[in-house]
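Notes follow once the structure below has been shown.
The values are calculated or read from the model by the stated rules, or taken from the named source; none is laboratory data. What you see is a predicted model; the values in this text were computed from it and never measured. Heads up, the Cβs are rebuilt from the backbone with ideal geometry, glycines too, and the neighbour counts pull from every protein chain shown.
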Amino acid sequence: MAGAPRPEDRPLSPHLSIWRWHVTMASSILHRFTGMGLYVAAILLSVWLMAAAAGPEAYAQIEPHLAAWYGQAVMYLIVAALAYHLANGIRHLVFDTGNGLVPTDADTSAWFAILFAVAAPLGLWALLSFGA
């Protein structure tokens, strides 16, 4: 085409170093990371269930890892990822209705999803530890 800019003359898309970080940007990135983390969590859940189904000897190999500090940390992160992914998914369902798209509302709902991801595992732990 005559007059079309050459590829090397076209402007580059702004990158992360150009954009000012804000909570909705972090929320989008966190949603993708938690989605990938939940795939790994599904594999770990499958290994745990296979060990439980294989009998006491197989489960005895998995149990020390679940009780160790790193196993507890992984379980916290799995619950936090699930809580965040759920809250952010609901947030996006609300966006699909045309509501909550004002920047201040979007920022508030992003912060809520992040804080829910921190609080939900703690609440679940308290419920399981102390009962209802």
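The table below lists the values:
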read-out: Some residue of region 91-114 being surrounded by 12 or more Cβ atoms within 10 Å (Cβ to Cβ), under 20 Å from the mean Cα position of the chain (by Cα), at pLDDT 95 or above and under 18 Å from L128 (Cβ atoms); value: no
read-out: Any hit, region 87-100, residues being of a type outside the set (K, R) and in contact with a His (Cβ under 6 Å, 6 or more places away or on another chain); value: yes
read-out: Residue match in region 59-69 (condition: hydroxyl-bearing (S, T, Y) and either in contact with an Asp or Glu (Cβ under 7 Å, 6 or more places away or on another chain) or part of a helix (DSSP H, G or I) (or both)); value: yes
read-out: Tally of residues being surrounded by 12 or more Cβ atoms within 10 Å (Cβ to Cβ) and of a type in the set (V, I, T) across region 30-46; value: 2
